[in-house]
Every structure is written in C-alpha cells, then in structure tokens.
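Written below as structure tokens is the structure these notes are about.
The values are calculated or read from the model by the stated rules, or taken from the named source; none is laboratory data. Values in this document were obtained by computation on a predicted structure and should not be read as measured data. Counting neighbours? That spans all protein chains shown, and the Cβs are built from the backbone with ideal geometry, glycine included. What goes into the accessible areas is simple: the full protein's heavy atoms, side chains included, and nothing from ligands, DNA or RNA. Shrake-Rupley method; radii C 1.70, N 1.55, O 1.52, S 1.80 Å.
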Amino acid sequence: MSAAHEFMNRRAVQIQTPGRYSLASRFDATGARREFACRTSRISPFQMLVAAPVTGPEGERVIAHFGEFGKLDGLISDVVDGGFLVDLVISQGEREKLTNKLEWLDKRTRDPSVVDVRKQQRIVPKNPHTTLLFADETALTCFVIDVSPSGVAISADVEPDIGTRLAVGRTVGSVVRRFDEGFAVRFDQLQDPSQLELLVRPTTALAAAAAMRYSESSWYLD
C-alpha cells in the first residue's frame, strides 16, 4: 500500500485551502525558487495531501504557504495523480499550533451557519487540473487557482508572455497578467457563471483546438 493510501486511512481533516509552494529543484531565470499555486485536500499535524501543477520526486523538499496555516515545510513522501503527499518537518510547537488550528477549522467546516464570503466572489473548481492549449497546438496540464465569468487564474510549469492566446479547457482568452505563482487569463467573452465548472474541465487537445479556431474566427469578425 502506498504512503498516500495509508494516509487516507489515518485521522486527518478533509479541507480545501488554497496556497502556494516551491520545490527545491525548481528555479526561475533569476535563480530564485519558483512558486506554484496549490490546494490542500487532506491534512493532519504530520502529513498533508496537496493538489498541485508540478511535482517532484520522493524526498524532495517542499516549502508551502497557506493563509490558514502559514508556512509549512516538509518532504515529498509519495507522488499521486495531480499532486503529492508531504511529510511535515516542523517543530513540536508548530505541530501543536497546527493541531489546534485543524481542530478549529474542522468545527467551522461542520457548522452550516458559517459562510465563506470569499467563495461567493469567485469559483474554485472541484477538480483544479485542466488542459492548457497554445496557438501552436502545444498542450499541457495546468492548475486552476480560481475562475470567474471574465477570466481564470492559472498555475503551470510555463510562463507565457502577456497577450499570449490560449485555451483553458473549452474556453479561449489571452494572458493579461503574471504573478509569482502563475498568470491570469481574460476570456474573450463573459461566461455563464453556472457553466464555469464545465468550461474549465480537462478536455482533449482536439476539442481545445476547435475552440481556439472558433474564437479566432469570431474575434476577427468582431
């Protein structure tokens, strides 16, 4: 049984918290560690399962930052589809603090009277992984940070220039901004809020290319 499967049978909190992380082997053009967006799916005081766009080998160091938990340091102990399991390397004091925080968050998520206002302002898809297709038909997987009717924030192992045309799932747009963990894409057209989850689902390169061609023809006609 893999370490990730064993972790699923241990006591932990099921919680989706957005954050960012860096790997010991990934650097940008300046020599600084590159950061990517991520999301927890399950966490305990000793381990956490993270959905992420870029993984590393077992044993690689991970430094993650979450608004709910702060900085968490650890080592990859298992690689899973779309993410990895991290063994947390933190002090006893930090572990006790994390334990208290997890207990509080677990109670909060079980309380139906608590409303997270931030989630009403944007949509965080259940499946954060989707397909990214460029105009030259280069395709790769990426991580959706969040999505709105006008655009989407992406984290991926690529840093496209501002203005780059691409398809995210079945929706086409242009890169309008870059930030530490990724980049923002503005859709060519405002999308139906009720369809956002469907539009950013993973798709085939062929379907994404068809969406690109259709959008380009409409864009020129406009």
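Identify the single condition in (1) outside any loop (DSSP other than H, G, I, E, B); (2) touching a residue at least 12 places away in the same chain (Cβ under 8 Å) that Pro45 does not satisfy, given that it satisfies every other one.
(1)
Find the strands (runs of 3 or more DSSP E) located wholly in region 55-116 whose residues include 1 or more that are surrounded by fewer than 16 Cβ atoms within 10 Å (Cβ to Cβ) and either within 23 Å of the chain's Cα centre (by Cα) or at pLDDT 95 or above (or both), and list them. Steps first, answer last, please.
On the way: elements: 61-66, 70-80, 83-88.
Ranges flagged: 61-66, 70-80.
Looking at region 174-183, is at least one residue more than 18 Å from Phe143 (Cβ to Cβ) and either assigned to a helix (DSSP H, G or I) or modelled with pLDDT under 90 (or both)?
There is no residue in region 174-183 that is more than 18 Å from Phe143 (Cβ to Cβ) and either assigned to a helix (DSSP H, G or I) or modelled with pLDDT under 90 (or both).
Mind checking which residues of region 119-152 are among the charged types (D, E, K, R), closer than 20 Å to Asp188 by Cβ and touching a residue at least 40 places away in the same chain (Cβ under 8 Å)? So that I can check it myself, show each step before the final result.
At the first step, the residues of region 119-152 found to be among the charged types (D, E, K, R) are 119, 122, 126, 136-137, 146.
Right, trim to closer than 20 Å to Asp188 by Cβ and you get 122, 136-137, 146.
Across region 119-152, the qualifying residues are Glu137, Asp146.
Suppose we filter region 141-160 for residues that are assigned to a strand (DSSP E or B) and open to solvent by 50 Å² or more (accessible area, probe 1.4 Å); how many remain? Steps first, answer last, please.
Step one: of region 141-160, the residues assigned to a strand (DSSP E or B) are 141-148, 151-155.
If we keep only those that are open to solvent by 50 Å² or more (accessible area, probe 1.4 Å) as well, we get 141.
Within region 141-160, residues that are assigned to a strand (DSSP E or B) and open to solvent by 50 Å² or more (accessible area, probe 1.4 Å) number 1.
Report, by residue number, each residue of region 118-140 that is open to solvent by less than 30 Å² (accessible area, probe 1.4 Å) and not in a strand (DSSP E or B).
If the condition is that a residue be open to solvent by less than 30 Å² (accessible area, probe 1.4 Å) and not in a strand (DSSP E or B), then Pro125, Pro128 are the ones that fit.
Looking at region 1-43, which of the residues that are of a type in the set (S, T, N, Q) and either in contact with a Gly (Cβ under 8 Å, 6 or more places away or on another chain) or modelled with pLDDT of 95 or more (or both) is surrounded by the most Cβ atoms within 10 Å (Cβ to Cβ)?
We begin by selecting, within region 1-43, every residue of a type in the set (S, T, N, Q); these are 2, 9, 14, 16-17, 22, 25, 30, 40-41.
Among the residues that remain, those that are also either in contact with a Gly (Cβ under 8 Å, 6 or more places away or on another chain) or modelled with pLDDT of 95 or more (or both) are: 17, 22, 25, 40-41.
On the way: Thr17: 17, Ser22: 21, Ser25: 12, Thr40: 23, Ser41: 18.
Out of the qualifying residues, it is Thr40.
Six or more apart or on different chains, Cβ under 9 Å: which pairs go from a residue in region 153-164 that's over 21 Å from Leu199 (Cα atoms) to one that's of a type in the set (Asp, Glu)? Could you list them?
Filtered contacts from region 153-164: Glu159/Asp28.
Scan region 161-182 residue by residue and report those that are open to solvent by 50 Å² or more (accessible area, probe 1.4 Å) and acidic (Asp, Glu).
Asp161, Asp180, listed by residue number.
Would it be correct to say that Gly74 is of a type outside the set (Ser, Thr, Tyr), free of Cβ contacts under 8 Å to residues at least 24 places away in the same chain and over 14 Å from His5 (Cα atoms)?
No.
Do we have Gly163 as modelled with pLDDT of 90 or more and part of a loop (DSSP other than H, G, I, E, B) here?
Values: modelled with pLDDT of 90 or more: yes; part of a loop (DSSP other than H, G, I, E, B): yes.
Against the criterion (modelled with pLDDT of 90 or more and part of a loop (DSSP other than H, G, I, E, B)), Gly163 qualifies.
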